[in-house]
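Structure first, then comments.
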């Protein structure tokens, strides 16, 4: 945002790449886009000190063993946040804590009977929609009802340009768990709505089980990614398969078409960005053949 408004921006990141919790390809693309826009990036950067210079503030940091400096008028510290529990608890009524967060069980109850905690207080996904869903689950449990929301599947969104969104497992995470997968990818440069809007480079990636075709996760970096992640979150929560998702027609021209193209590529080949012949599409996975979805009869 500051760069778009004309400010010269320098980013110091302690990790080896931007957005380390996201798919590696997202990090690589974001780095290229930022550099193209004139944003200066330093990864593996350990901040040593911030001092007053002659014309502003100076950050001294060490990058790959070399000491460097970056000067600026303003410095934004964005290294995370911790729960503010000061004066929250009465004497003798403090729940168990761990690394500044309240410890809860699977029902979000703290070590104090009848006291529940959600959201940023308990760590994990520090996102408003995650906290809201947790609150709904607590209320439902207190009312004696089964939870209506799967709080284990949390969509993650990054509001840069182009937008970034992810849910479920990435390819690397699935492989680390020993899950055999198939990955489909569609480059949004072949998407009609992206061409109309002259959108920045982007892609959609879907991870599915090689054995069953079940959608395990998705990573998007494109226009309206944070709006489209909902469809794929529904798929992960409900253990939907690639053929089941492909049974639905998607409107043209829309960004959402990219999801359908990604699923087609995953199943055997896309129409508008094909790495294989469209005729090679087949709904079969290793060890478990999946029939094509039946045609819809009104």
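FYI, it's all coordinate maths here, none of it is from the lab. Predicted, not measured: the structure shown is a model, and the values here were computed from it. Cβ placement follows ideal geometry from the backbone for every residue including glycine, while neighbour counts extend to all protein chains displayed.
Data overview
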read-out: Inter-site label distance for residue 93 and residue 40 at 7 Å from Cα along Cβ, in nm; value: 5.3 nm
read-out: Contour excess over end-to-end distance, with Cα ends at residue 150 and residue 190 and 0.36 nm allotted per residue; value: 11.0 nm
read-out: Two-site FRET efficiency, residue 175 against residue 237, from Cβ-Cβ distance with R₀ of 25 Å, rounded to 0.05; value: 0.65
read-out: Point-to-point label distance, residue 271-residue 252, nm (Cα→Cβ direction, 7 Å offset); value: 0.5 nm
read-out: Coarse-grained scattering of the chain at q = 0.07 Å⁻¹, given as base-10 log I(q)/I(0) from a Debye sum over alpha-carbon atoms; value: -0.37
read-out: Residues of the stretch 152-178 with amide N under 15 Å of the 7 Å Cα→Cβ point at residue 132; value: 154-157
read-out: Listed peptides 241-254, 66-79 by packing density, highest first (mean Cβ within 10 Å); value: 241-254, 66-79
read-out: Nitroxide proxy distance, nm - points 7 Å out along Cα→Cβ at residue 66 and residue 139; value: 5.5 nm
read-out: Per-peptide average of other Cβ atoms within 10 Å, ordering 138-147, 201-210, 22-31 highest first; value: 201-210, 22-31, 138-147
read-out: Bridge type composition, the chain - antiparallel percent by DSSP, nearest 5; value: 95 percent
read-out: Packing-based exposure ordering (other Cβ within 10 Å, fewest first) of 224, 62; value: 62, 224
read-out: Gain on full stretching of the segment that runs from residue 50 to residue 4 - 0.36 nm per residue minus C-alpha separation; value: 14.0 nm
read-out: Cα convex hull volume per residue for the stretch 10-72 (Å³); value: 81 Å³
read-out: Sequence of 150, 176 once ranked by neighbouring C-beta atoms within 10 Å, starting from the fewest; value: 176, 150
read-out: Global form of the stretch 85-223, assessed from the alpha-carbon gyration tensor, a/c cut-off 1.5; value: prolate
read-out: Segments 48-57, 6-15, 114-123, 161-170 sorted - mean Cβ within 10 Å per residue, highest first; value: 161-170, 114-123, 6-15, 48-57
